[in-house]
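Q: Pasting a structure below so you can have a look.
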Amino acid sequence: MNALWHAIAFFTRIPVPWLTPSEKAWKQSVNAYPVVGIVIGLVLCGVHQAALWLFGPLVAAVLTLAAWVYTTGGLHLDGWMDLADGLGSSRPREQVLQIMKDSRVGAMGVLAAVLLLLLKAAALAELSRAEWTLLLLAPFAARTHVLLSIWFWPYLSAEKGIGKGIREGLSPASIWLGYIVLTAAGWLLGGWAAVTAIGVSLLFALWFSRTIAGKLGGLNGDCYGAVIESGEAVMLLVLAGSWWG
């Protein structure tokens, strides 16, 4: 359980005062990332449903998105922005990595964040009152997909960074279990539409990870955050599509 507390403490603002610092638990916490996604999803479902009782879909969507960013502390959004700044610079690999490490945010990072948040808010506004439970799936799926990014592509620095050591703590069984539970939850909550959204977001996460790793020679914490943020956005986009009739 200590590994789960490490994952919740790192990925969210939810206080975990009983957490016991442990390097072993930190490395194993990667296996609990999908569970953290479920916890975040449950929070968002509650906020979205409450907001819909008080406001229209658009305001409810913005409030839900604000709760989403607050709950995660903007951690993954920061990674998305750093990656956009780095790749948007069109510089050589080493300079891209230096730009990504810079704590300052550039124009490309701001534009990427604004467009991503607008996309998420618009997609959330398309979810009806009856579809609010589907909000559980986006953070769950994205944090399951990132396990594949961690497993298949090398970490850029084995000696430092927030991702240090997590790959060696990742168990293939956790990946399989995550996808079994995710697919079952998708089928129960949204049928073929939800399962299709999970599949599309999975393919996108694999393509995105492969593309970024090809440019940088591997992935780091910023890349993982970008995989999660973009994976959530793709999930919402597919779920909100008018093709479901």
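Q: Here is a check on your reading of the model: is Leu134 surrounded by 21 or more Cβ atoms within 10 Å (Cβ to Cβ), closer than 24 Å to Leu188 by Cα and at pLDDT below 90?
A: The answer is yes for Leu134.
Q: Considering only residues that are open to solvent by 20 Å² or more (accessible area, probe 1.4 Å) and either closer than 16 Å to Leu236 by Cβ or among the hydrophobic types (A, V, I, L, M, F, W, C) (or both), which ones fall in the range 208-219?
A: Within the range 208-219, just Phe208 meets the criteria.
Q: Considering each residue of the range 80-117, count those that are of a type in the set (Val, Ile, Thr) and open to solvent by less than 30 Å² (accessible area, probe 1.4 Å), and give that number.
A: Of the residues in that region, 1 qualify.
Q: Do the conditions hold for Leu54, that is, is it open to solvent by 50 Å² or more (accessible area, probe 1.4 Å), at pLDDT 95 or above and of a type outside the set (S, T, N, Q)?
A: For Leu54, the condition - open to solvent by 50 Å² or more (accessible area, probe 1.4 Å), at pLDDT 95 or above and of a type outside the set (S, T, N, Q) - is not met.
To keep it simple, each residue is scored yes or no on (1) in a helix (DSSP H, G or I); (2) at pLDDT below 95; (3) over 28 Å from Glu23 (Cβ atoms).
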residue	(1), (2), (3)
Ser157	no, yes, no
Ile162	no, yes, no
Arg167	yes, yes, no
Ile175	yes, no, no
Gly178	yes, no, no
Ala194	yes, yes, yes
Phe204	yes, no, yes
Leu237	yes, yes, yes
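Q: OK, next. If Asp222 meets every condition in (1) surrounded by fewer than 17 Cβ atoms within 10 Å (Cβ to Cβ); (2) farther than 20 Å from Ile175 by Cβ apart from one, which number is that one?
A: Going through the list (1) surrounded by fewer than 17 Cβ atoms within 10 Å (Cβ to Cβ); (2) farther than 20 Å from Ile175 by Cβ, Asp222 breaks only (1).
Q: Then there's this: Which number in (1) surrounded by fewer than 20 Cβ atoms within 10 Å (Cβ to Cβ); (2) modelled with pLDDT under 90 marks the one condition that Leu148 misses?
A: With respect to (1) surrounded by fewer than 20 Cβ atoms within 10 Å (Cβ to Cβ); (2) modelled with pLDDT under 90, Leu148 is out only on (2).
Q: Please go through the range 100-136 and give me each residue that is under 20 Å from Leu63 (Cβ atoms), in contact (Cβ under 8 Å) with a residue 24 or more places away in the chain and of a type in the set (Val, Ile, Thr), ordered by number.
A: Of everything in the range 100-136, just one residue is under 20 Å from Leu63 (Cβ atoms), in contact (Cβ under 8 Å) with a residue 24 or more places away in the chain and of a type in the set (Val, Ile, Thr), namely Thr133.
Q: What residue, among those in the range 188-207 that are under 18 Å from Pro139 (Cβ atoms) and without any contact (Cβ under 8 Å) to a residue 24 or more places away in the chain, is surrounded by the fewest Cβ atoms within 10 Å (Cβ to Cβ)?
A: Out of the qualifying residues, it is Leu188.
Q: Applying the selection to the range 4-42, what residues are of a type in the set (Gly, Ala, Ser) and either open to solvent by 40 Å² or more (accessible area, probe 1.4 Å) or at pLDDT below 90 (or both)?
A: Answer for the range 4-42, where residues must be of a type in the set (Gly, Ala, Ser) and either open to solvent by 40 Å² or more (accessible area, probe 1.4 Å) or at pLDDT below 90 (or both): Ala9, Ser22, Ala25.
Q: Give the number of residues within the range 164-187 that are small (Gly, Ala, Ser) and either touching a residue at least 60 places away in the same chain (Cβ under 8 Å) or under 16 Å from Val30 (Cβ atoms) (or both). It would help to see each step written out before you state the result.
A: Taking the range 164-187 first, the residues small (Gly, Ala, Ser) are 165, 169, 171, 173-174, 178, 184-186.
Still in the list and also either touching a residue at least 60 places away in the same chain (Cβ under 8 Å) or under 16 Å from Val30 (Cβ atoms) (or both): 165, 169, 171, 173-174, 178.
Residues in the range 164-187 being small (Gly, Ala, Ser) and either touching a residue at least 60 places away in the same chain (Cβ under 8 Å) or under 16 Å from Val30 (Cβ atoms) (or both): 6 in total.
The values are calculated or read from the model by the stated rules, or taken from the named source; none is laboratory data. Model, not experiment: these values are computed from the prediction. Please note: Cβ atoms are built from the backbone with ideal geometry, for glycine as well, and neighbour counts cover all protein chains shown. Quick note on the areas: whole protein, heavy atoms, side chains included, nothing else; ligands and nucleic acids left out. Shrake-Rupley method; radii C 1.70, N 1.55, O 1.52, S 1.80 Å.
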